[in-house]
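Report on the structure given below.
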Amino acid sequence: MPTPFEYADVSVYVQSSGTTRPAVLTFGVDGGSKTASAIHADIAASLAIATGIKTRLSNGCSFNRVRVALGVMDGEDIVHDAPISVAGTLGTAVLPSNCACLVHKRTARGGRRGRGRLFLPWVLPEGLVAENGIITGSEQVLIQTAVSAWHADLSTRGVPMVLLHQAGASSEGPPDAVTSLSVDGMVSTQRRRLGR
């Protein structure tokens, strides 16, 4: 399904030095009248801000590629897919990639159409997640601060985060602005992210 006009479907690739397969973060942005390459540059710059999510990403990992699929009035999306180099700066051992931090995308829309999720791997330090999966309060605050700074920076750069909708039983409607990102207090697991 094509991306709505002037919106972009973004994939950010995260690579760990200890694995062969990258993890992928997906979200939408409102690109306004920007080109796909300009949106790519804005996303790359937002990942590199001093207070953003690179501060919670293991220093054995990096954001190494961004793919932007920009919706046009008629025809196929315009795609700009290019490498970037933004290294994580967290200097402590982290949980494996299948143990991710779950970030909820919040909008002003009610129901399932108004919610989204984002999984951040390689950001949870060993020892700061209890046996029952609860992330320590102080660590949750640090991650929350970082994702909130990133979310705000996207808006400042003119590429605010949105929820893109797929066709389903209910009317999808236009993309909804993500008003906030909220870090879940419990670790989330994704079996397919564990390398074999």
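Every number in this text was worked out from the coordinates using simple rules, so none of it is lab data. What you see is a predicted model; the values in this text were computed from it and never measured.
Its Cα gyration tensor gives region 51-135 an equivalent ellipsoid, and the semi-axes of that ellipsoid, as √(5λ) in whole Å with the largest first, are 29, 21, 9.
Taking ARG109, ARG117, ARG65 as the candidate residues, the one with maximal mean-square fluctuation in a Gaussian network model of the chain, Cα springs under 10 Å, is ARG109. In the chain, the longest principal axis of the Cα atoms and the axis of helix 137-156 are about 20 degrees apart.
In region 1-46, the ratio of gyration radius to Kirkwood radius, Rg to Rh, stands at 1.06 when only Cα atoms are counted. Scaled against the 2.2 N^0.38 Å expected of a compact globular protein of N residues, the Cα radius of gyration of the chain reads 1.01. At q = 0.17, 0.21, 0.27 Å⁻¹ the log10 of I(q)/I(0) for region 97-170 amounts to -0.81, -1.04, -1.27, computed by Debye summation with a single uniform scatterer per C-alpha, solvent ignored. What is the projected area of the convex hull of the Cα atoms of region 1-95, averaged over all directions, in nm²? Across all orientations, region 1-95 yields a mean hull projection of 6.6 nm².
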